[in-house]
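Just so you know, all these numbers are worked out from the coordinates, no wet-lab data involved. All values derive from a computational prediction rather than experimental measurement. Neighbour counts are summed over all protein chains in view; Cβ atoms, including those assigned to glycine, are modelled from backbone coordinates with ideal geometry.
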Amino acid sequence: MIRLQQLCKRYQLGDEPVQALDHVDLEIEAGEYLSVMGPSGSGKSTLLNMLGLLDTPDSGHYWLDGTDIMTLKEEARAAERNRRIGFVFQAYHLIDRLTARENIELPLVLTGTEPSARRPRVDELLTRLGLERHANHLPHQLSGGQRQRVAIARAVIRKPGLLLADEPTGNLDSHSGQDVIELLEELNEDGITLVIVTHDAAMGKRARRRLWMQDGRLLKDERDAGH
Ligand code: ADP
Ligand code: ADP
């Protein structure tokens, strides 16, 4: 599904160049569940942003479902991103003045899906994520765990093959965090490829495959037997 070859990304921090990704090679198969761990500044978010087509590498190759991403123009990259990839962030990034339902259906609205086609899909997700009673609530009326569930529903409403989560439980207490992780894992069991960036070793260990980064390099790539 994903193949990265010698991927590099440098940022300029003041006068100092920072090698955020240093010749990263990585292959991910459809349906895998990976965590990405490592110290702050090791390149985890940069890797996720590259996988998610939110940022462009300086050099190297990236194939996503056979498409050579490096050859795409910005518009085509955005189309691939919207079609294939869902994102979940630590800070939820919901739209404050839209209800839970409206936040969840927004990606369908933006792609011109008819209301009659949107409604059943949104209803199905609201039920599945235990949010029926909160459908008409605004984000500020929801708990952190509920907000993140809304963000997850929005991320998967267009049925992407790849779900990228950057510290998805970073703002949650351990109980709501556990709920959110279990929800992400259920989506993975249904087939979505899941990549979670986390500081939390206990959470990282739950993944069937675990990557460790340091100074922009992939230091370790560890899998459970049988996967
Ligand atoms: P992590 O997610 O592991 O904390 P990041 O991928 O966020 O690491 O950052 C890797 C390195 O790249 C860090 O040194 C960070 O300061 C730098 N970096 C990341 N994004 C930017 C940016 N937009 N501008 C400048 N430097 C950046
Ligand atoms: P969750 O059920 O998502 O795990 P929590 O355990 O964080 O939620 O919160 C339990 C309940 O407390 C929620 O159902 C919610 O109604 C309420 N609550 C928690 N935090 C907030 C908040 N910041 N604003 C409004 N209600 C909240």
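Data overview
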{"quantity": "Peptide ranges 149-156, 163-170, 128-135 listed from the most packed, as the mean C-beta count within 10 angstrom indicates", "calculated": "149-156, 163-170, 128-135"}
{"quantity": "Net charge contributed by nearby residues that have their C-beta within less than 15 Å of GLY31 (K/R +1, D/E -1)", "calculated": "-4"}
{"quantity": "Table column - 3J(HN,Hα) (Hz), region 148-162, Karplus curve with 6.51, -1.76, 1.60, x for Gly and Pro", "calculated": "5, 5, 4, 4, 5, 4, 4, 5, 10, 4, 9, 6, x, x, 10"}
{"quantity": "Region 8-79 versus region 82-134: alpha-carbon centroid distance in Å", "calculated": "26"}
{"quantity": "Listed residue (PRO115, MET70, THR127) projecting farthest to the positive dipole end of the chain, Cβ model", "calculated": "PRO115"}
{"quantity": "Overall Cα dimensions of region 179-227 - principal axes, largest extent first, Å", "calculated": "33, 24, 17"}
{"quantity": "Gain on full stretching of the segment that runs from ASP58 to HIS23 - 0.36 nm per residue minus C-alpha separation", "calculated": "11.6 nm"}
{"quantity": "Efficiency of FRET between ALA78 and HIS140 - r from beta-carbon atoms, R0 41 angstrom, step 0.05", "calculated": "0.85"}
{"quantity": "5 angstrom amide H check on PHE87, placed H, neighbours 5+ away", "calculated": "LEU164"}
{"quantity": "13 Å beta-carbon shell around ASN188, net charge (K/R +1, D/E -1)", "calculated": "-4"}
{"quantity": "Percent RCO, i.e. relative contact order, over the chain, from Cα pairs under 8 Å lying at least 6 residues apart", "calculated": "30"}
{"quantity": "Local electrostatic count, LEU172, Cβ distance below 14 Å [Lys/Arg +1, Asp/Glu -1]", "calculated": "-4"}
{"quantity": "Antiparallel DSSP beta bridges within the chain, as percent of all bridges there, nearest 5", "calculated": "55"}
{"quantity": "Per-residue ³J(HN,Hα) for region 52-57, Karplus 6.51 cos²θ - 1.76 cosθ + 1.60, θ = phi - 60°, Hz, x for Gly and Pro", "calculated": "x, 6, 8, 9, 10, x"}
{"quantity": "Value at 222 nm in deg cm²/dmol, rounded to 500, when DSSP H runs of n ≥ 4 in the chain each add -39,500 (n - 2.57)", "calculated": "-10500 deg cm²/dmol"}
{"quantity": "Distance between modelled label sites at CYS8 and ASP190, nm, 7 Å Cα→Cβ extension", "calculated": "4.2"}
{"quantity": "Karplus 3J(HN,Hα) series, Hz, for region 195-203 with 6.51 cos²θ - 1.76 cosθ + 1.60 (x for Gly, Pro)", "calculated": "10, 10, 8, 8, 8, 8, 4, 5, 5"}
